[in-house]
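The values are calculated or read from the model by the stated rules, or taken from the named source; none is laboratory data. These figures come from a predicted structure and were not determined experimentally. Here Cβ is always computed from backbone atoms with ideal geometry, including for glycine, and neighbour counts include all displayed protein chains. All accessible areas refer to the heavy atoms of the entire protein, side chains included, with ligands and DNA or RNA removed. Shrake-Rupley method; radii C 1.70, N 1.55, O 1.52, S 1.80 Å.
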Number of protein chains: 2
Amino acid sequence: MSTVRNILFIMADQLRWDYLSCYGHPTLKTPNIDRLAERGVRFDAAYVQSPVCGPSRASYYTGRTAFSHGATWNQVPLPIGELTMGDYLRPLGMRTAVVGKTHMKADLEGMARLGLTRETEIGMMIAEPGFDPYERDDGLHPDGLLKRRGGILSYNDWLRNLGYDGDNPWNSWANSAEGENGEILSGWHLRNSNLPARIKEEHSETAYMTNRAMEFIDETGANPWLLHLSYIKPHWPYIAPAPYHNLYGPNSFIAPNRNDNERLKANPVYRAFMDMDVSQSFSNDEVRETVLSGYMGLIKQIDDHLGRLFEFLETSGRMDDTMIVFTSDHGDYLGDHWLGEKELFHEESVRVPLVIYDPRSAADQTRGRVENRLVEAIDLLPTFLDAKDIEGNNHRLEGHSLTPLLHGQETPDWRDAVFSEIDYAFYEARKTLNVNAGDARAYMIRTERWKYIYFKGFSPQLFDLKNDPNELVDLGLNGAFETIRHEMKDRLLERLIDRKNRTTMTDEQVIRARDREKETGILIGVF
Amino acid sequence: MSTVRNILFIMADQLRWDYLSCYGHPTLKTPNIDRLAERGVRFDAAYVQSPVCGPSRASYYTGRTAFSHGATWNQVPLPIGELTMGDYLRPLGMRTAVVGKTHMKADLEGMARLGLTRETEIGMMIAEPGFDPYERDDGLHPDGLLKRRGGILSYNDWLRNLGYDGDNPWNSWANSAEGENGEILSGWHLRNSNLPARIKEEHSETAYMTNRAMEFIDETGANPWLLHLSYIKPHWPYIAPAPYHNLYGPNSFIAPNRNDNERLKANPVYRAFMDMDVSQSFSNDEVRETVLSGYMGLIKQIDDHLGRLFEFLETSGRMDDTMIVFTSDHGDYLGDHWLGEKELFHEESVRVPLVIYDPRSAADQTRGRVENRLVEAIDLLPTFLDAKDIEGNNHRLEGHSLTPLLHGQETPDWRDAVFSEIDYAFYEARKTLNVNAGDARAYMIRTERWKYIYFKGFSPQLFDLKNDPNELVDLGLNGAFETIRHEMKDRLLERLIDRKNRTTMTDEQVIRARDREKETGILIGVF
């Protein structure tokens, strides 16, 4: 096949890079993702622009860093002027939709200033940044939040039709377990993470979203499409339906990546994160191992449903004309480095799996390849535009098309550093550190060998990934590495300066501009 | 008076900081601006965010650096999501209007994406970024450009009513002189800059704009207002009406600030600017001195009309309730450093006059003060909001209110460096240097003593302003100053990181966010 008609952009939520067998997990076998990697390229050094859902996703969808797009955390609306995948692809007639999570919040204030409401077609497009909401479901529906949103959730309707009763079966069935006496045990409590969810496997969120993806593809027929199939799991609530809840036990777990030295003289921001409740919790082996059963089961379940989906694509002929991407929005510390959740910049948090299957014959020579060059989340949108022959967006997009890597081409000028960042204003750590809401910023720059983290107002971190691949020795204050820190800081400056801010005028328009000015009769400096 | 009701924000275009008598010019006497300085504060270290009209003005109007607002050069539209003065002040019932130039271009593509046209009230507000176009006139109307804009210009209509004939009396009368045989000599040609314009003084642009400002104030009556009176001159075409065209001759000119060493081993970007036609032109003393007659005359004329305006304000009682600002959008090299125009970062280009008269009694103690603290163009909008008691915009505004300086308060944490930048993609210099349209960037950071200029892809410049206040010795490659350059580069990084990108969520909302999340039932890390 020589062209890409459709794009299937699959994302798992909070999936670590190393919890797939193709990435080396010794006990968690993911044959369907592995098989996709055998047919495509597996990127072994892929990084997100921010290790937290909202800003990471906004970067995937806009092709721009959080530093540029400004949706710096989960609840921060994407500014109305930022273009997303749909803005680029819809003009081609591609149906661009989501099944699952985007975590994007509409810029309602920006819309109101321009007199826009959700009720109009344009308002709807802007309010659902990025994708038609074919099955928009951000996957977090505790009762309070669901009520605030008006109580509407398609998945709940579906469950109720199947006989799962109550106001919010998402919470009480799909994300809860049952005690010995029939009492409901919430999936929000980590101690229940190795119990089976109160739901049949085929009625779980992962099964439902896979079904909805196939329905979308069926329904869209011959019309070209981009589908963002965005699984809600293995993100918390960490709870899997049987039989996935207890496929993995102590013999299956890899050891935590941490040592006692990390707690001595820790960088102050790292220290503040270690001191947060969630980190304390995951530093406890009982918690970690209880969660791991659920976490690993949820991943295994996704892999099984991807097998079902890939079979469907094969049968329907879609493997011939569809580019398939599998990735994640960030990782999960799971107790490594004495941390829970994500947010900081160790590999467990900021590195993600990335597999791309390109149906074009030009990609035949790279099938099964493991690619070590450094890539970033913002490279995907340029890759998609490249596959659809859309040009002229260099003034907005900050990543690079991966086509040369997919097609086995030389790339002598490929980037030699990746960049990520966090706005930690929303965390307890900001309060602990007594930092203003606008100053809780950290920036990572990572080369093949070094990882440097700049914390605004605090000392930096530095890791030597060659001699310390597990990032257990922070060289941020070590006098012997001052030159390296200087070099890395210079790279960070260069990267920030590379930000694309002239978004309202293309490079081509700039090149023509002065000539056009001369045509108007403006004469500068002529005596 | 204890409150500020109105704000009169006066800007001259391309006025150097040192071409006013209160700033030390030995022969150009500007008694009316001097008198304003005696009644207010004269800022002796005021800098623009970019030494070229469009981006500099966009920074004044948005309170944000060009790095953030993205209107990086004259023809680059201000992105639709950027808020301007009117967005902040109109909700208070203030009429916010312009008489004269803004150089802002509407983001028509961004508007079209949202279904907005100029025809609606909101569309009009967005298309005229910043101000109601009471008398919008960007002051550059060569025939070709006027035709492209549909030929409409109020000033031309006014002139025609007064008997100045032709399609474009702006060009053929107000900005042209006459030869001995009645032939028209264009003001676009610098050799005509010391000839009188073909127009009565009271019909010139400066007179007209002053009239229009008074009409606006009269007409607005008791309704509070912000008026941006934005003079078109002394920007080119450099041509003044009699008697201003020849008030100043060779005995009045200050010597050019340049020496031969600057041309030896010049920084490559500086070299490329020196090689441009306009720089070659102004490096010729005949050109420089011809232009100086016109340039100085135009400034003297503005000062005289400001005298008329201030008298009007005094008589009408507006001096009691109106904050008055006088400043410029950038300077003019006028042959200094072998350059013409502006764009680079010598003091002649990037430093501007800034006088603020604050009617409040709290400002009585600073009347006549010369303020040496470093201030920036982006400080004005916060100052205006402060004067009107508008709070809560720290997540967008990048400058600092000058109220403490106006009211004689201590400011122990005041900034110790100012920042400016340029996108030189639009210049011949970019072609000479063979730089891509997205890479033609330069950034200045200046402390009390040092000025460091980072050119993307080229070596930096460094000046020691204590020992070399005229900036004639570039230390950018001098090995003895490596530590200083490192320090300045670190400051530049810090400044870029200070960019306000989380524009859709206030600091207060951030601080409350996590608590609100807990209320919804989301539990993170609880075992």
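Among what's in the stretch A:75-85 and is among the hydrophobic types (A, V, I, L, M, F, W, C) and not in a helix (DSSP H, G or I), pick the residue that is most open to solvent (accessible area, probe 1.4 Å).
Looking only at the stretch A:75-85, we keep the residues that are among the hydrophobic types (A, V, I, L, M, F, W, C), and these are A:76, A:78, A:80, A:83, A:85.
Cutting the leftovers down to not in a helix (DSSP H, G or I) gives us A:76, A:78, A:80, A:83.
On the way: A:Val76: 5, A:Leu78: 8, A:Ile80: 9, A:Leu83: 28 Å².
Taking the candidates together, the pick is A:Leu83.
Regarding B:His235, is this residue within 14 Å of chain A (Cβ to nearest Cβ) and either open to solvent by less than 10 Å² (accessible area, probe 1.4 Å) or assigned to a strand (DSSP E or B) (or both)?
Yes: the conditions hold for B:His235.
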Within the stretch A:495-527, considering residues that are of a type in the set (Asp, Glu) and in contact (Cβ under 8 Å) with a residue 24 or more places away in the chain, the one nearest to the other protein chains (Cβ to nearest Cβ): A:Asp507
Name the single residue that is nearest to the chain's Cα centre (by Cα) among those in the stretch A:354-370 being surrounded by fewer than 21 Cβ atoms within 10 Å (Cβ to Cβ) and in contact (Cβ under 8 Å) with a residue 60 or more places away in the chain. A:Val370
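Do we have A:Leu405 as crowded, with 19+ Cβ neighbours inside 10 Å and out of contact with any strand residue (DSSP E or B) (no Cβ under 6 Å at 6 or more places or on another chain) here?
Numbers: crowded, with 19+ Cβ neighbours inside 10 Å: yes; out of contact with any strand residue (DSSP E or B) (no Cβ under 6 Å at 6 or more places or on another chain): no.
Spelling it out, it is not the case that A:Leu405 is crowded, with 19+ Cβ neighbours inside 10 Å and out of contact with any strand residue (DSSP E or B) (no Cβ under 6 Å at 6 or more places or on another chain).
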Could you go through the stretch A:444-462 and let me know if any residue there is charged (D, E, K, R) and open to solvent by less than 10 Å² (accessible area, probe 1.4 Å). yes
Residues of the stretch A:410-445 satisfying the condition of being touching a residue at least 60 places away in the same chain (Cβ under 8 Å) and assigned to a loop (DSSP other than H, G, I, E, B): A:Ala417, A:Tyr427
With (1) open to solvent by less than 10 Å² (accessible area, probe 1.4 Å); (2) touching a strand residue (DSSP E or B) at 6+ places or on another chain (Cβ under 8 Å); (3) not in a loop (DSSP other than H, G, I, E, B) as the list, and B:Ala513 as the residue in question, which single condition is left unmet? (2)
Could you grab me the full set of residues in the stretch B:145-170 that are within 14 Å of chain A (Cβ to nearest Cβ), touching a Gly at 6+ places or on another chain (Cβ under 9 Å) and either over 22 Å from B:His235 (Cβ atoms) or open to solvent by 30 Å² or more (accessible area, probe 1.4 Å) (or both)? B:Asp167
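Conditions tested, residue by residue: (1) farther than 30 Å from A:Val4 by Cα; (2) within 14 Å of chain B (Cβ to nearest Cβ); (3) within 26 Å of the chain's Cα centre (by Cα).
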residue	(1), (2), (3)
A:Gly182	yes, no, no
A:His189	yes, yes, yes
A:Arg198	yes, no, no
A:Ser204	yes, no, yes
A:Asp275	yes, yes, yes
A:Val278	yes, yes, yes
Does the stretch A:280-319 hold any residues that are closer than 30 Å to A:Gly340 by Cβ, surrounded by fewer than 24 Cβ atoms within 10 Å (Cβ to Cβ) and of a type in the set (Ser, Thr, Tyr), and which are they? A:Ser281, A:Ser283, A:Thr290
Just to check your reading of the model, which residue among B:Tyr88, B:Tyr61 is of a type in the set (Ser, Thr, Tyr), under 23 Å from B:Pro224 (Cβ atoms), more than 9 Å from every other protein chain (Cβ to nearest Cβ) and buried (at least 24 other Cβ atoms within 10 Å of the Cβ)? B:Tyr61
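Got a number for residues in the stretch B:47-64 being assigned to a loop (DSSP other than H, G, I, E, B) and within 16 Å of B:Leu397 (Cα to Cα)?
Here is the first cut: in the stretch B:47-64, the residues assigned to a loop (DSSP other than H, G, I, E, B) are B:48-52, B:63-64.
Still in the running and within 16 Å of B:Leu397 (Cα to Cα): B:48-49, B:63-64.
The number of residues fulfilling the criteria is 4.
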Among the residues of the stretch A:94-137, count how many are touching a helix residue (DSSP H, G or I) at 6+ places or on another chain (Cβ under 9 Å) and in contact (Cβ under 8 Å) with a residue 40 or more places away in the chain. 19
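Could you list, in sequence order, the residues of the stretch B:453-472 that are outside any strand (DSSP E or B) and more than 10 Å from chain A (Cβ to nearest Cβ)?
So in the stretch B:453-472, the residues outside any strand (DSSP E or B) come out as B:456-460, B:465-472.
B:Phe458, B:Ser459, B:Pro460, B:Leu465, B:Lys466, B:Asn467, B:Asp468, B:Pro469, B:Asn470, B:Glu471, B:Leu472, listed by residue number.
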Return the residues of the stretch B:17-66 that are more than 22 Å from B:Leu385 (Cα to Cα) and among the hydroxyl-bearing types (Ser, Thr, Tyr); say none if nothing qualifies. B:Tyr19, B:Ser21, B:Tyr23, B:Thr27, B:Thr30, B:Ser50
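Taking B:Tyr208 as the residue in question, decide whether it is in contact with a helix residue (DSSP H, G or I) (Cβ under 9 Å, 6 or more places away or on another chain), of a type in the set (Ser, Thr, Tyr) and either within 30 Å of B:Leu226 (Cβ to Cβ) or in a helix (DSSP H, G or I) (or both).
Values: in contact with a helix residue (DSSP H, G or I) (Cβ under 9 Å, 6 or more places away or on another chain): yes; of a type in the set (Ser, Thr, Tyr): yes; either within 30 Å of B:Leu226 (Cβ to Cβ) or in a helix (DSSP H, G or I) (or both): yes.
Taking the combined requirement at face value, the residue satisfies it.
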Failed condition for A:Trp338, given (1) within 21 Å of the chain's Cα centre (by Cα); (2) touching a residue at least 60 places away in the same chain (Cβ under 8 Å); (3) closer than 24 Å to A:Ala429 by Cβ: (1)
Exactly one condition in (1) within 13 Å of chain A (Cβ to nearest Cβ); (2) part of a loop (DSSP other than H, G, I, E, B); (3) among the hydroxyl-bearing types (Ser, Thr, Tyr) is false for B:Thr102; which is it? (1)
Residues in the stretch A:446-484 that are touching an Asp or Glu at 6+ places or on another chain (Cβ under 8 Å), polar (S, T, N, Q) and without any contact (Cβ under 8 Å) to a residue 24 or more places away in the chain total 0
Looking at A:His25, A:His69, can you tell me which residue is open to solvent by less than 10 Å² (accessible area, probe 1.4 Å), closer than 30 Å to A:Leu493 by Cβ and modelled with pLDDT of 95 or more? A:His69
Considering only the stretch A:408-443, how many residues are more than 9 Å from chain B (Cβ to nearest Cβ), open to solvent by less than 30 Å² (accessible area, probe 1.4 Å), of a type in the set (Ser, Thr, Tyr) and closer than 23 Å to A:Gly476 by Cα? 2
Name the pairs: first residue in the stretch B:285-298 and modelled with pLDDT of 95 or more, second residue of a type in the set (Lys, Arg) and buried (at least 22 other Cβ atoms within 10 Å of the Cβ), Cβ to Cβ under 6 Å, at least 6 apart or on different chains? B:Leu298/B:Lys233
Out of everything in the stretch B:473-500 that is open to solvent by less than 40 Å² (accessible area, probe 1.4 Å) and assigned to a loop (DSSP other than H, G, I, E, B), what residue ends up being nearest to B:Asp260 (Cα to Cα)? B:Leu475
Tally the residues that are open to solvent by less than 60 Å² (accessible area, probe 1.4 Å) and either at the interface with another protein chain (Cβ under 10 Å from one of its Cβ atoms) or within 24 Å of B:Met505 (Cα to Cα) (or both), restricting the search to the stretch A:114-132. 12
Any idea which of B:Asn223, B:Asn194 is over 23 Å from the mean Cα position of the chain (by Cα), part of a loop (DSSP other than H, G, I, E, B), over 25 Å from B:Leu20 (Cβ atoms) and touching a residue at least 12 places away in the same chain (Cβ under 8 Å)? B:Asn223
